Amino acid sequence: MIALGLEGSANKLGVGLILHPPKGGPAQILANIRHTFISPPGEGFLPKDTAKHHRAWVVRLVKQAMKEANVSVDDVNCICYTKGPGMGAPLQSVAVAARMLSLLWGKELVGVNHCVGHIEMGREITGAQNPVVLYVSGGNTQVIAYASQRYRIFGEALDIAVGNCLDRFARTLNISNDPAPGYNIEQMAKKGKNLLDLPYAVKGMDCSFSGILATVDSLAAKLEQDTTGCRDETTGEIITHEDLCFSLQETVFAMLVEITERAMAHVGSSQVLIVGGVGCNERLQEMMGMMASARGGSVFATDERFCIDNGIMIAHAGLLAYRTGFTTSLEESTCTQRFRTDEVLVKWRD
Amino acid sequence: MSASVFSPPHLPPPFVNTVPPPTLISQGAEALLYRTHFLQSTHPCALKYRPSKPYRHPTLDARLTKHRILSEARTMVRMRKEGLKVPGVLGVDCEPAHGDNARKGGGGWMMMEWVEGQTAKDLLVAVKETRKSCGREEVLREQVRNLMHRIGTILCKMHEIGVIHGDLTTSNLMIRHGAQQPHGITDGHAEGHGRANNTSGIETEPILREALVNGEVVLIDFGLATSSIQDEDKAVDLYVLERAFGSTHPEAEDEFNEVLKAYGESSRGARVVLKRLEDVRLRGRKKSMIG
């Protein structure tokens, strides 16, 4: 069976085609292409501009994906699209495209939860059986574990998502948004070495990032004003933007690893799977790996093709649901900005 | 993608020479819990060792370890003074990088009184197992409600004296065996701080009842505890428990309401906290806005 997946909950527009072999076995990726709306340095992406970008690119991307996959319309079994969560306007423009294709081709629609898409794709690619999932991106920060047909949320960000914290700090420093603000912060952090004191906000298995952002923003402002240079209290070295990025990453990632470890201890699991855009960060993967191996476990992570929002994960999760008989009628093919991971009945797992 | 076999870290100096060596009871996220003895070999105690975390920056690690051990010990001492049931603190070392300790990879420790019993989590898991086989579901539910009621009362008392636990889960609530309880010590190793019984339903039922109805609720793990008298912090504390409960014991979610009910009845200020809890619930991200 073949599914077409359309993803556009944030600034990436993704189109993917996946094949689930009829006799079982690993899924085959026929096409997985993406186009990203990149805003200028110092700016975030606005919903209306992002939606415009998606509308302008969706037809081109679908055509390209079909060509790359070398499949015809008749081969496709269903059209999967992101129902939520995400930004309203981009979600709507992609939902419209999905409906259009569904009517044009006479194929069933499948509305997919974006977070479940990430989890299922991560499991498929890495082969992790029943891991604790850390889902970290620009819009979501959740620690998830599976129990009785639901992906249950054990911990999450209480205010802004971790990716949002990093993105916004990139804006403060006027760092380029190309290819992604988080990627550029990661490169700068590699050159930083002085750890500055930032708040550390873990509440049980939840965490908070807004206070850290406010603190690091004010430190950056202080650096701007002081032309002679601020010095680190212990080393006496001049504090650089690189040090700020380093301190920010070390602090927020330590928090993420800690809440993940707490969830692992709580459910008694030794596997951890990192998904979502921030999951590409190699420092986060490294820290998670150290934690997991100290617990006698292992960490699973994917690269940017699957970590960052993509169409293939929507196609994959949608097809899993479709195979259990799930479809979304045209009347119900809406989208929603708020769609909890634990609202989805995971019929395809034991 | 590395896999490795788990090997517990080396214990810091005073404990390398302990005979018999401390036995590892459980591995939490932040700390390792050992059973050992204090001064006399007949006097059991719990040793909570916080090894340094290699994934954390050493400066951040030392800061967190020191802060958490100290605040944990201070909170427990304060709670005991106020007459709340917590393990008594026997000793601490919170400076990860001094003397021999630095050589051993840092970390700090706290030694405390041993609590004979099991965690509420294990107890509830055992109840879930028994429920299937014993056929007396309503009786068990009532007994669970009884336990939930006592938990609610003790949490309210804790909040009244201005302690916020910070990591309330069913793993952090110990149920101490009643005095008349024939607990499972055979060869000096207790099943306490331990795993659920895996025996079949009918035999375990009286043991379960004893724990559910008469077991003393002892709060443990104050590693994330803070001081606050704000309704907001108290409500978030309860919210953490509610969420942990819902995800760990989905089958007993109805009984959880008894915790909140007892909490609300236990003090005058508690109702305001419960009102605040309703706001906190709506605050989690991506919640549907219905209701």
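Yes/no matrix, rows are residues, columns are (1) touching a residue at least 40 places away in the same chain (Cβ under 8 Å); (2) surrounded by fewer than 24 Cβ atoms within 10 Å (Cβ to Cβ); (3) within 15 Å of B:ARG56 (Cα to Cα):
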{"site": "A:THR240", "(1), (2), (3)": "yes, yes, no"}
{"site": "A:VAL267", "(1), (2), (3)": "yes, yes, no"}
{"site": "A:GLN271", "(1), (2), (3)": "yes, yes, no"}
{"site": "A:ARG283", "(1), (2), (3)": "yes, yes, yes"}
{"site": "A:ILE308", "(1), (2), (3)": "yes, no, no"}
{"site": "A:ILE312", "(1), (2), (3)": "yes, no, no"}
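Please indicate, with yes or no, whether at least one residue in the stretch B:100-113 is within 14 Å of chain A (Cβ to nearest Cβ) and among the charged types (D, E, K, R). Outline the logic, then answer.
The first filter runs over the stretch B:100-113 and keeps only residues within 14 Å of chain A (Cβ to nearest Cβ), leaving B:105-107.
Still in the list and also among the charged types (D, E, K, R): none.
No, there is no match, as no residue in the stretch B:100-113 is within 14 Å of chain A (Cβ to nearest Cβ) and among the charged types (D, E, K, R).
When only residues in the stretch A:327-339 that are more than 14 Å from every other protein chain (Cβ to nearest Cβ) and not in a helix (DSSP H, G or I) count, which is farthest from B:ARG50 (Cα to Cα)?
Looking at the filtered set, the residue picked out is A:SER329.
If we keep just the residues of the stretch B:223-255 that are more than 10 Å from every other protein chain (Cβ to nearest Cβ) and hydroxyl-bearing (Ser, Thr, Tyr), which is nearest to the chain's Cα centre (by Cα)?
Result: B:SER227.
Check A:GLU258 against each of (1) more than 8 Å from chain B (Cβ to nearest Cβ); (2) open to solvent by less than 10 Å² (accessible area, probe 1.4 Å) and name the one condition it does not meet.
The one condition A:GLU258 does not meet is (1).
Can you pull out the residues in the stretch B:127-145 that are in a helix (DSSP H, G or I), open to solvent by 10 Å² or more (accessible area, probe 1.4 Å) and over 30 Å from B:GLU232 (Cβ atoms)?
Result: B:LYS128, B:GLU129, B:ARG131, B:LYS132, B:SER133, B:CYS134, B:GLU137, B:GLU138, B:VAL139, B:ARG141, B:GLU142, B:GLN143.
Please state which one of B:ALA3, B:ALA29 is at pLDDT below 90, within 14 Å of chain A (Cβ to nearest Cβ) and surrounded by fewer than 17 Cβ atoms within 10 Å (Cβ to Cβ).
Values: B:ALA29 fails: surrounded by fewer than 17 Cβ atoms within 10 Å (Cβ to Cβ).
Answer to the check: B:ALA3.
Quick one: which of A:LEU4, A:LEU30 is without any contact (Cβ under 8 Å) to a residue 60 or more places away in the chain and among the aliphatic types (A, V, I, L, M)?
A:LEU30
Test of understanding: among A:LEU46, A:LEU19, which residue is among the hydrophobic types (A, V, I, L, M, F, W, C) and closer than 20 Å to A:ASN140 by Cα? Before you say what the answer is, go through the steps one by one.
Numbers: A:LEU19 fails: closer than 20 Å to A:ASN140 by Cα.
Sole residue among the options that is among the hydrophobic types (A, V, I, L, M, F, W, C) and closer than 20 Å to A:ASN140 by Cα: A:LEU46.
Considering only residues that are among the hydrophobic types (A, V, I, L, M, F, W, C) and under 16 Å from the mean Cα position of the chain (by Cα), which ones fall in the stretch A:85-135?
Passing the criteria: A:MET87, A:LEU91, A:VAL112, A:CYS115, A:VAL116, A:ILE119, A:MET121, A:ILE125, A:VAL132, A:VAL133, A:LEU134.
Working only within the stretch A:220-238, note down all residues that are open to solvent by less than 30 Å² (accessible area, probe 1.4 Å) and in a loop (DSSP other than H, G, I, E, B).
Listed by number, the residues that qualify are A:GLY229, A:CYS230, A:ASP232.
Taking into account only those residues within the stretch B:49-68 that are closer than 14 Å to A:MET290 by Cβ and surrounded by fewer than 18 Cβ atoms within 10 Å (Cβ to Cβ), which is farthest from the other protein chains (Cβ to nearest Cβ)?
Among residues in the stretch B:49-68 that are closer than 14 Å to A:MET290 by Cβ and surrounded by fewer than 18 Cβ atoms within 10 Å (Cβ to Cβ), the one farthest from the other protein chains (Cβ to nearest Cβ) is B:PRO58.
Scan the stretch A:151-169 residue by residue and report those that are under 11 Å from the mean Cα position of the chain (by Cα) and of a type in the set (Gly, Ala, Ser).
Listed by number, the residues that qualify are A:ALA161, A:GLY163.
Mind counting the residues in the stretch B:8-26 that are within 14 Å of chain A (Cβ to nearest Cβ) and part of a loop (DSSP other than H, G, I, E, B)?
The number of residues fulfilling the criteria is 3.
Determine, yes or no, whether A:LEU319 is aliphatic (A, V, I, L, M), open to solvent by less than 10 Å² (accessible area, probe 1.4 Å) and either within 14 Å of chain B (Cβ to nearest Cβ) or farther than 14 Å from A:ILE125 by Cβ (or both).
When the stated conditions are applied, A:LEU319 passes them.
Please enumerate the residues belonging to the stretch A:231-255 that are away from chain B (no Cβ under 14 Å) and polar (S, T, N, Q).
A:THR240
Count, please, the residues in the stretch A:86-114 that happen to be out of contact with any Ser or Thr (no Cβ under 7 Å at 6 or more places or on another chain) and not aliphatic (A, V, I, L, M).
Here the count works out to 7.
Considering only residues that are surrounded by fewer than 21 Cβ atoms within 10 Å (Cβ to Cβ) and free of Cβ contacts under 8 Å to residues at least 40 places away in the same chain, which ones fall in the stretch A:151-189?
A:ASN184, A:GLN187, listed by residue number.
Kindly indicate whether any position in the stretch A:193-206 is of a type outside the set (A, V, I, L, M, F, W, C) and on the phi > 0 side of the Ramachandran plot.
Within the stretch A:193-206 (the criterion being of a type outside the set (A, V, I, L, M, F, W, C) and on the phi > 0 side of the Ramachandran plot), the answer is yes, since at least one residue qualifies.
Quick check on the stretch B:98-126: of everything there that is surrounded by fewer than 16 Cβ atoms within 10 Å (Cβ to Cβ) and in a loop (DSSP other than H, G, I, E, B), which residue is modelled with the lowest pLDDT?
Ranking the candidates gives B:GLY99 first.
If you go through the stretch A:168-201, how many residues are more than 23 Å from A:THR235 (Cβ to Cβ) and either small (Gly, Ala, Ser) or within 12 Å of another protein chain (Cβ to nearest Cβ) (or both)? Steps first, answer last, please.
Pass one, the stretch A:168-201, residues more than 23 Å from A:THR235 (Cβ to Cβ): A:168, A:170-172, A:174-184, A:201.
With either small (Gly, Ala, Ser) or within 12 Å of another protein chain (Cβ to nearest Cβ) (or both) added as a condition, the list becomes A:170, A:176, A:180, A:182, A:201.
Of the residues in the stretch A:168-201, 5 are more than 23 Å from A:THR235 (Cβ to Cβ) and either small (Gly, Ala, Ser) or within 12 Å of another protein chain (Cβ to nearest Cβ) (or both).
If only one of A:ASP309, A:ASP342 is away from chain B (no Cβ under 13 Å) and within 20 Å of A:VAL162 (Cβ to Cβ), which one is it?
Only one candidate qualifies: A:ASP309.
Can you confirm whether A:THR228 is more than 14 Å from chain B (Cβ to nearest Cβ) and hydroxyl-bearing (Ser, Thr, Tyr)?
So A:THR228 fits the description; yes.
Going by the structure shown, is A:SER148 over 23 Å from the mean Cα position of the chain (by Cα), more than 14 Å from chain B (Cβ to nearest Cβ) and free of Cβ contacts under 8 Å to residues at least 24 places away in the same chain?
Details: over 23 Å from the mean Cα position of the chain (by Cα): yes; more than 14 Å from chain B (Cβ to nearest Cβ): no; free of Cβ contacts under 8 Å to residues at least 24 places away in the same chain: yes.
Spelling it out, it is not the case that A:SER148 is over 23 Å from the mean Cα position of the chain (by Cα), more than 14 Å from chain B (Cβ to nearest Cβ) and free of Cβ contacts under 8 Å to residues at least 24 places away in the same chain.
The values are calculated or read from the model by the stated rules, or taken from the named source; none is laboratory data. Treat the numbers as computed from the prediction; the structure is a model and nothing was measured. Using ideal geometry, Cβ is built from the backbone for each residue, glycine included, and neighbour counts are taken over all protein chains shown. Each accessible area value is taken on the protein alone, full model and side chains, heavy atoms only, with ligands, DNA and RNA left out. Shrake-Rupley method; radii C 1.70, N 1.55, O 1.52, S 1.80 Å.
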